[in-house]
Amino acid sequence: MNPVGKMRIKQTLCRGLVAVTLALLSIAAHAERLSGTVVDISDGDTLRIKSDDIHKIRLKGIDAPEMAQSFGPESRRHLVELTFMKEAVADCPQRDHYGRLICTIYIADPACATSNCPMTYDVNLAQVKASLAWWYRRYADEQSPVQRASYELAEERMRLARLGLWSRNEAMAPWAWRRR
C-alpha cells in the first residue's frame with residue numbers, strides 16, 4: 001500500500017476512535033428508550049424486544065443482506081448470537097413506514113465478565129464491523145455525526161480488508177437487490 005493510502009487509513013482510524021468514544025458518551029435526547037429482552041430475530045437488521053409489550057425494531061443506520069442473498073443467513077445468525085434472550089436497551093428516535101421502531105440497540109459488551117456491565121455495546125455497529133451489514137448511507141443524516149463516522153469507518157475497514165460482504169466481487173447491497 002502506498003504512503004498516502006496508509007496515512008488515510010490512520011487518519012480514518014483516529015477519527016473513528018474519537019467517534020466511538022463520543023458515541024458511548026452521548027445518546028440522542030429525543031429518542032424513545034426501551035429496555036427489555038430480545039425475543040426474536042427476523043434477519044440481520046430486524047428483531048423484537050419484549051418490555052411492556054413486544055416491539056418490532058429495525059436496526060438504525062444499517063441494511064443487512066436479505067435472507068435470500070449471500071451472507072443473509074450469516075448476518076441473522078450473528079445477530080442471534082449477539083442478542084437473543086439478552087437484555088437490551090433500544091434508543092428509537094422514529095418509526096418507519098411499516099410502523100417499526102427505528103433503533104440503535106445496546107447490550108452489555110460480550111467481553112465484559114461481570115454481572116453489572118453497562119449497556120454500551122452498539123449492536124448495529126457490530127453488524128457492520130462483522131462485515132455482515134452495510135452502513136445505510138441513504139439515512140446518514142438521521143445519525144449523529146459520531147455514529148456516521150463510526151459506521152463509515154467500520155464499513156471502510158471491512159471493504160479494504162475484503163472481508164465478509166466484500167470478500168466477493170458480486171456483493172450487492174440489499175437496497176439494490178430489492179429493486180431488481
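The values are calculated or read from the model by the stated rules, or taken from the named source; none is laboratory data. Quick caveat, the model's predicted, so the values are computed rather than measured. Positions of Cβ are generated from backbone atoms using ideal geometry, with glycine treated the same way; all protein chains shown enter the neighbour counts.
Taking the numbered list (1) under 24 Å from residue 76 (Cβ atoms); (2) at pLDDT below 95; (3) of a type in the set (Asp, Glu) in turn, residue 109 passes all entries but (2).
Looking across the stretch 42-63, not a single residue is in a strand (DSSP E or B), of a type in the set (S, T, N, Q) and without any contact (Cβ under 8 Å) to a residue 24 or more places away in the chain. I need the full set of residues from the stretch 122-149 which are farther than 16 Å from residue 174 by Cα, within 10 Å of the chain's Cα centre (by Cα), not in a helix (DSSP H, G or I) and not aliphatic (A, V, I, L, M), in order please. Answer for the stretch 122-149, where residues must be farther than 16 Å from residue 174 by Cα, within 10 Å of the chain's Cα centre (by Cα), not in a helix (DSSP H, G or I) and not aliphatic (A, V, I, L, M): just 122.
Inspection of the stretch 157-172 identifies no residue that is buried (at least 17 other Cβ atoms within 10 Å of the Cβ), under 25 Å from residue 70 (Cβ atoms), touching a Lys or Arg at 6+ places or on another chain (Cβ under 7 Å) and touching a residue at least 40 places away in the same chain (Cβ under 8 Å).
Scan the stretch 99-118 for residues that are buried (at least 16 other Cβ atoms within 10 Å of the Cβ) and out of contact with any Cys (no Cβ under 7 Å at 6 or more places or on another chain) and jot them down.
Going residue by residue through the stretch 99-118, those that are buried (at least 16 other Cβ atoms within 10 Å of the Cβ) are 100-108.
Result: 100, 104, 105, 106, 107.
All but one of (1) closer than 21 Å to residue 139 by Cβ; (2) out of contact with any strand residue (DSSP E or B) (no Cβ under 9 Å at 6 or more places or on another chain) hold for residue 61; which doesn't? Result: residue 61 fails condition (2) only.
Each residue in the stretch 59-76 was checked for being hydroxyl-bearing (Ser, Thr, Tyr) and closer than 15 Å to residue 175 by Cα, and 1 pass.
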